[in-house]
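Single-structure report; data block below.
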Protein chains: 2
Amino acid sequence: MHAHVPVWFQRQAGRSLPEYHELRREGSILDTIRIPELAAEITLQPIRRYKVDAAILYSDIVVPAECVGFGVDVKPGVGPVIENPFERRADLDRLRPLEPETDTAHVLDTIKILAGELDVPLIGFAGAPFTVASYLVEGKPSRDYAKTKALMLDDPALWHDLMERLTDLAVASMRSQVVAGASAVQLFDSWAGALSEADYRTMVLPHSTRVIAEVSELGVPTAHFGVGTGELLAAFADSGADVVGVDWRIPLSVARQRTGNRVALQGNLDPAVCLAQWPQVEKTVRRILNDNGDHPGYVFNLGHGVLPQTNPDILQQVVELVHAEGQVAELPRAQPARPHP
Amino acid sequence: MHAHVPVWFQRQAGRSLPEYHELRREGSILDTIRIPELAAEITLQPIRRYKVDAAILYSDIVVPAECVGFGVDVKPGVGPVIENPFERRADLDRLRPLEPETDTAHVLDTIKILAGELDVPLIGFAGAPFTVASYLVEGKPSRDYAKTKALMLDDPALWHDLMERLTDLAVASMRSQVVAGASAVQLFDSWAGALSEADYRTMVLPHSTRVIAEVSELGVPTAHFGVGTGELLAAFADSGADVVGVDWRIPLSVARQRTGNRVALQGNLDPAVCLAQWPQVEKTVRRILNDNGDHPGYVFNLGHGVLPQTNPDILQQVVELVHAEGQVAELPRAQPARPHP
């Protein structure tokens, strides 16, 4: 029996949808996330519009660090900003363990609402230790991750202690999301591609592997994503994740070689392609589906988040094309959202 | 006979040197570049300090576009900004051919001063058509190159016409630099790594290849650089350049496989590593030299530009270590700076 290739879009909820801008108030995204009814509605909007095969929780990777009081804000048009960045050992004390039921009650309430509404899987998520560390250390989005790398090299003991704290945050957050009803989880190591494979394997992978292992215990599928991580795909697969993200810089066939076919792949469409007219988008989507062939281990997605200026009609056409043309041998195994037994 | 591995640093001149900050005035770098005595002195500073094996002209990749009147500025702390970005066919008229002797007389005067002062090769340079186009189209530094990619996909005819104009600018600029005394040239396609290899080969490589071919006619070595271009190394080697840049994301040995050993390599040290304490830097430099072995086709360099906060003493130690430990079979072939016969 054949089924269609499943499809969803990173950042499908939020900034590219007119119905989102109608709902959302001024100020930080973190304020919107704090209102469960609103966050649940924003999560549902792209499901209704696009008929995608999964919902992804409307939240942010800095939420756990914010909720333990590290002092994080998300500035519109900029990204996460930290008034007092992580600099020294004493700053570890600002990263106490997360108590999800109280610290992130609003996130769990959002998931509980969604578990009653969704008939597709709900993907929960967390920021991977490296990417969250890069924000905490740089204090803002960075192009070179210079301070982060300098800390990693100059004080590996402190670096690993920081990564341990952030690993604990990610594990506690993702486990609580699963218990509340998330059917799968994705670990976002968006900026890991700034590292060489050698540094990634020594300084980052052991921590990401622990996150994946401790969440996988709950029996949900795990995905692990980064952008510009073509050289790290084998290492990402070594994390134990079921699904590994691939951006547009390499074809799926090359990604399959690099991951030794041990994992399912997700991604491959350049979000910037979705800004072009439909014939160009169609050509690219067809090339990707063709490159996948009928390999069952593939989830269609963008190689990074939906760009804010994207026309939603184009994404809708992408979903229709993937559903019509992408034939695979078996269905993906994540279950619809519901509280964990 | 054995010689040392040659070493220079991208962005060795300028922002990381205290003697530069003493000389330089407020305002745009473009104003400083316009004063030949000043630009020549800034070019010479790192030669005196570090004893590097090559000078690189203190200039900027947007100079030719600025000098034909496109309307470009370089904002301190931001980068190139364009008040009226490139949007439509009519904007091609804002990119008339460069007349180097008049439009960039100040650049050529700088090179003539340097030709009388230097006893190491002087590297001239230009921005590659794609990277310059990305600034002209986006209007400012970008993370996603969304407008550039949308133009490329939606109007390939206009895209190629734009690339032709920018190719002509790069060729005219680099040829005039060689005639004035530059001993080698480097084509900076810093942001080409944002593209898939398929798009790069169709939309970019033919133009970069023409730049390299038309400058190589003058008999000088050519280098071609980008960051995050690991997946594009074979294509970069196809441009005909003698030397191809490699960032820190892959080892030299992998880069040699990907380029089929057809070109010399340059780079490989992460500029962020130079922010660490010396023992960490030393370890990384030794690893790179060891990975190179005694392969003669290697120029030690950073995988991107020197970061502004770099301690110059560290770079000096890098030069000393490379000169002491990096043994290769033959000398590089670029000649000291002098006017072209």
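Overview of values
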| quantity | calculated |
| --- | --- |
| Residue that is away from every other protein chain (no Cβ under 12 Å), of a type in the set (Gly, Ala, Ser) and either more than 25 Å from residue A:190 (Cα to Cα) or touching a Phe, Trp or Tyr at 6+ places or on another chain (Cβ under 7 Å) (or both), where the choices are A:324, A:241 | A:324 |
| Residue that is more than 14 Å from every other protein chain (Cβ to nearest Cβ) and not polar (S, T, N, Q), where the choices are B:227, B:220 | B:220 |
| Selected residue [under 17 Å from the mean Cα position of the chain (by Cα) and surrounded by fewer than 19 Cβ atoms within 10 Å (Cβ to Cβ)] from B:209, B:167, B:131, B:202 | B:209 |
| Of all residues in the stretch A:240-299 being small (Gly, Ala, Ser) and in a helix (DSSP H, G or I), the one that is surrounded by the fewest Cβ atoms within 10 Å (Cβ to Cβ) | A:253 |
| Selected residue (criterion: nearest to the chain's Cα centre (by Cα)) from residues of the stretch B:286-304 that are within 13 Å of another protein chain (Cβ to nearest Cβ) and closer than 17 Å to residue B:53 by Cβ | B:302 |
| Check on residue B:148, under 23 Å from the mean Cα position of the chain (by Cα), modelled with pLDDT of 95 or more, surrounded by 23 or more Cβ atoms within 10 Å (Cβ to Cβ) and hydroxyl-bearing (Ser, Thr, Tyr) | yes |
| Matching residues in the stretch B:300-320 - criterion: being part of a helix (DSSP H, G or I) and β-branched (Val, Ile, Thr) | B:314, B:318, B:319 |
| Answer residue from the stretch B:97-114, given it is β-branched (Val, Ile, Thr) and assigned to a helix (DSSP H, G or I) and is farthest from the other protein chains (Cβ to nearest Cβ) among those | B:102 |
| Those residues of the stretch A:115-145 which are among the aliphatic types (A, V, I, L, M), under 16 Å from residue A:174 (Cα atoms) and either out of contact with any helix residue (DSSP H, G or I) (no Cβ under 7 Å at 6 or more places or on another chain) or part of a helix (DSSP H, G or I) (or both), in sequence order | A:115, A:123, A:132 |
| Candidate set: the stretch A:41-55, residues that are in contact (Cβ under 8 Å) with a residue 40 or more places away in the chain and surrounded by fewer than 24 Cβ atoms within 10 Å (Cβ to Cβ); chosen: the one farthest from residue A:300 (Cα to Cα) | A:44 |
| Single residue of A:187, A:166 found to be modelled with pLDDT of 95 or more and in a helix (DSSP H, G or I) | A:166 |
| Sole residue being touching a helix residue (DSSP H, G or I) at 6+ places or on another chain (Cβ under 6 Å) and of a type in the set (Asp, Glu), chosen from A:214, A:282 | A:214 |
| Residue among A:23, A:38 that is out of contact with any His (no Cβ under 8 Å at 6 or more places or on another chain), over 18 Å from residue A:118 (Cα atoms) and aliphatic (A, V, I, L, M) | A:23 |
| Filtered residues of the stretch A:253-282 (kept if touching a Gly at 6+ places or on another chain (Cβ under 9 Å) and within 13 Å of chain B (Cβ to nearest Cβ)) | A:253, A:254, A:255, A:258, A:267, A:268, A:269, A:270, A:271 |
| Selection within the stretch A:4-40 - assigned to a helix (DSSP H, G or I), hydrophobic (A, V, I, L, M, F, W, C) and buried (at least 17 other Cβ atoms within 10 Å of the Cβ) | A:29, A:30, A:33, A:38, A:39, A:40 |
| Residue match in the stretch B:225-232 (condition: of a type outside the set (D, E, K, R), assigned to a helix (DSSP H, G or I), touching a Phe, Trp or Tyr at 6+ places or on another chain (Cβ under 6 Å) and touching a residue at least 24 places away in the same chain (Cβ under 8 Å)) | yes |
| In the stretch B:321-333, residue surrounded by the most Cβ atoms within 10 Å (Cβ to Cβ) [restricted to those that are within 23 Å of the chain's Cα centre (by Cα) and at pLDDT 95 or above] | B:322 |
| Set B:106, B:160: member being over 25 Å from residue A:305 (Cα atoms), touching a Lys or Arg at 6+ places or on another chain (Cβ under 8 Å) and not aliphatic (A, V, I, L, M) | B:106 |
| Number of positions in the stretch A:133-178 that are farther than 20 Å from residue A:240 by Cα, among the β-branched types (Val, Ile, Thr) and more than 11 Å from every other protein chain (Cβ to nearest Cβ) | 1 |
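The values are calculated or read from the model by the stated rules, or taken from the named source; none is laboratory data. Predicted, not measured: the structure shown is a model, and the values here were computed from it. Please note: Cβ atoms are built from the backbone with ideal geometry, for glycine as well, and neighbour counts cover all protein chains shown.
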